[in-house]
Amino acid sequence: MERQILAARWVYPVEGPPLERAVVELEGARIAAVYQGEHPRAVDLGNTALIPGLVNAHTHLEFSQLETPLGPAQPFAEWIRSIMKSRFTCSVPARDRIQQGIEESLQAGTTCLGEIATGSESLQLLNADDRKPSAVVFRECLGFTPDRIQEQQQIAADYLQLGTDLELSAAVGLGLSPHAPYSVNPDLYLNLIQQARDQGVPAAVHLAETEDELEFLSQKSGPFVDLLAELGLWDPQILRDGMRLYDYLAPLAELTSALAVHGNYFGVAEIEFLKQAPQISVVYCPRTHYYFGHRLHPWQSMISQGINVALGTDSRASNPDLSLWKELQFLRDKFPDVPTDLILECGTLAGARALELSDELGTLTVGKRADLALVRLPEGSVPASGSDLLLNSRSYVSRVMLNGVWIN
């Protein structure tokens, strides 16, 4: 098998420092060599940077038809009402919306997704051929009242069985997603985590997304109580007195992998717990966080204490697009003192770790899958150092490779 040999102005292995004027050799669908230097048969990619394919650890592709985020952004419960309305009134078929999101993700350099699904369409589309991103597709489950428990458990069981029936490719995995404390009965939550544990699949949960969620748990009051009452679903007996985020974090530690999505309001106690539970990753969605006007996210503090922090775009319901590359540039702009290498790791290797795919993805390492993104640097501009990759907003992902094949 003839090797592909690619030479770029910069190569970012992620597992080590950037390499200037470097070469990546591919053999079939795998990385065969990465080194600084030249090769007489290399295809010169010019003033570009090669990076690992980006990992979007949290997205909802079902909203990919939206041209602008839904409003109002505040109060959050009003935005939830907008989400419900969008789901009920949208006339675009789910497959079309999801396919649109897949294509947009690939164009922006994302080669792996942590997708939250409300049906089987995402799983079927992502499993269709090898020109789709790798993915873990989490089936979302919702139901706050006791009468929904059995139904939702069956939905989860049927979904996990579907994975077996479809004969999933090695690039697609399954998971469960009990949505959030304000939308999932506590007993249902524990049952779903038990199902995930029994079946050996990961779970993803929206946690500490808003201050209203903390009030809902600790005091049984606030906008989420009003929303549930409006829907005829509120019963104060459903929540035990004095519930905490810990009650939702602790069961996740029983899984081999779990995602605590958002974590905008994790405090000292939660961070201390996460330090002792390396199987739980936090997924920070920077531009969605900014859209809702939350207080400063503790992502840097968590990383400094050894917690794995991956990145996500959430959906077009709270974000202008699905570009994880733009999330990286956003962080570089908002946190100029944070090294580019760390930001890039959050969008690649940390996401692969979160989805239990770091043996295959996330770095340009010999033996890993040849999923790459080619970043076009501004014409006439050569970065003074590797750390300049994200500084110029005119840098953009121009090509994407999956399994050693350029797909655009």
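The values are calculated or read from the model by the stated rules, or taken from the named source; none is laboratory data. The structure displayed is predicted, hence computed values, not measured ones. Every residue, glycine among them, receives a Cβ derived from its backbone with ideal geometry; neighbour counts consider all protein chains shown. Surface areas here come from the heavy atoms of the whole protein model, side chains and all, with no ligands, DNA or RNA. Shrake-Rupley method; radii C 1.70, N 1.55, O 1.52, S 1.80 Å.
If a residue must be open to solvent by 20 Å² or more (accessible area, probe 1.4 Å) and farther than 20 Å from residue 163 by Cα, how many such residues does segment 182-221 contain?
Number of matching residues: 10.
For segment 328-342, which positions are surrounded by 14 or more Cβ atoms within 10 Å (Cβ to Cβ) and part of a loop (DSSP other than H, G, I, E, B)?
Listed by number, the residues that qualify are 335, 338.
Checking residue 248 against (1) open to solvent by 20 Å² or more (accessible area, probe 1.4 Å); (2) aromatic (Phe, Trp, Tyr); (3) under 23 Å from the mean Cα position of the chain (by Cα), which test does it fail?
Result: residue 248 passes all but (1).
Tell me, yes or no, whether segment 60-74 has at least one residue that is at pLDDT 95 or above, open to solvent by less than 20 Å² (accessible area, probe 1.4 Å) and assigned to a strand (DSSP E or B).
no
All but one of (1) under 21 Å from residue 233 (Cα atoms); (2) without any contact (Cβ under 8 Å) to a residue 24 or more places away in the chain hold for residue 161, so report the exception by its number.
(1)
Counting only residues that are modelled with pLDDT of 95 or more and under 15 Å from residue 388 (Cα atoms), how many does segment 9-18 have?
3
Which condition breaks for residue 189 when tested against (1) assigned to a helix (DSSP H, G or I); (2) touching a strand residue (DSSP E or B) at 6+ places or on another chain (Cβ under 6 Å); (3) free of Cβ contacts under 8 Å to residues at least 40 places away in the same chain; (4) of a type outside the set (Gly, Ala, Ser)?
(3)
So, in segment 84-103, of the ones that are β-branched (Val, Ile, Thr) and in a helix (DSSP H, G or I), which residue ends up farthest from residue 58 (Cα to Cα)?
Filtering first and then ranking leaves 89.
Inspect all residues belonging to segment 44-55 and state whether any of them is over 30 Å from residue 216 (Cβ atoms), open to solvent by 40 Å² or more (accessible area, probe 1.4 Å) and at pLDDT 95 or above.
Yes; the residues of segment 44-55 include at least one that is over 30 Å from residue 216 (Cβ atoms), open to solvent by 40 Å² or more (accessible area, probe 1.4 Å) and at pLDDT 95 or above.
If I ask for residues that are in contact with a Ser or Thr (Cβ under 9 Å, 6 or more places away or on another chain), open to solvent by less than 70 Å² (accessible area, probe 1.4 Å) and of a type in the set (D, E, K, R), which ones from segment 75-107 would you list?
Across segment 75-107, the qualifying residues are 97, 104.
Only one of these is of a type in the set (Gly, Ala, Ser), in a strand (DSSP E or B), touching an Asp or Glu at 6+ places or on another chain (Cβ under 9 Å) and at negative phi: 8, 49, 57. Name it.
Of the residues listed, the single one that is of a type in the set (Gly, Ala, Ser), in a strand (DSSP E or B), touching an Asp or Glu at 6+ places or on another chain (Cβ under 9 Å) and at negative phi is 8.
When you check residue 358 against the structure, is it surrounded by 23 or more Cβ atoms within 10 Å (Cβ to Cβ), at pLDDT 95 or above and part of a loop (DSSP other than H, G, I, E, B), yes or no?
Judged against the criteria, residue 358 is not a match.
Which of the residues spanning segment 162-180 are over 22 Å from residue 264 (Cβ atoms) and at pLDDT 95 or above?
Hits for segment 162-180 are 172, 173, 174, 176.
Looking only at segment 214-256, count how many residues are assigned to a helix (DSSP H, G or I), of a type in the set (D, E, K, R), closer than 28 Å to residue 312 by Cα and in contact (Cβ under 8 Å) with a residue 60 or more places away in the chain.
Final tally of qualifying residues: 1.
I'd like the full set of residues that are farther than 22 Å from residue 189 by Cα, open to solvent by 20 Å² or more (accessible area, probe 1.4 Å), assigned to a loop (DSSP other than H, G, I, E, B) and touching a strand residue (DSSP E or B) at 6+ places or on another chain (Cβ under 9 Å), limited to segment 257-297.
294
Assess whether residue 310 counts as being of a type in the set (Gly, Ala, Ser) and open to solvent by 50 Å² or more (accessible area, probe 1.4 Å).
Answer is no for this residue.
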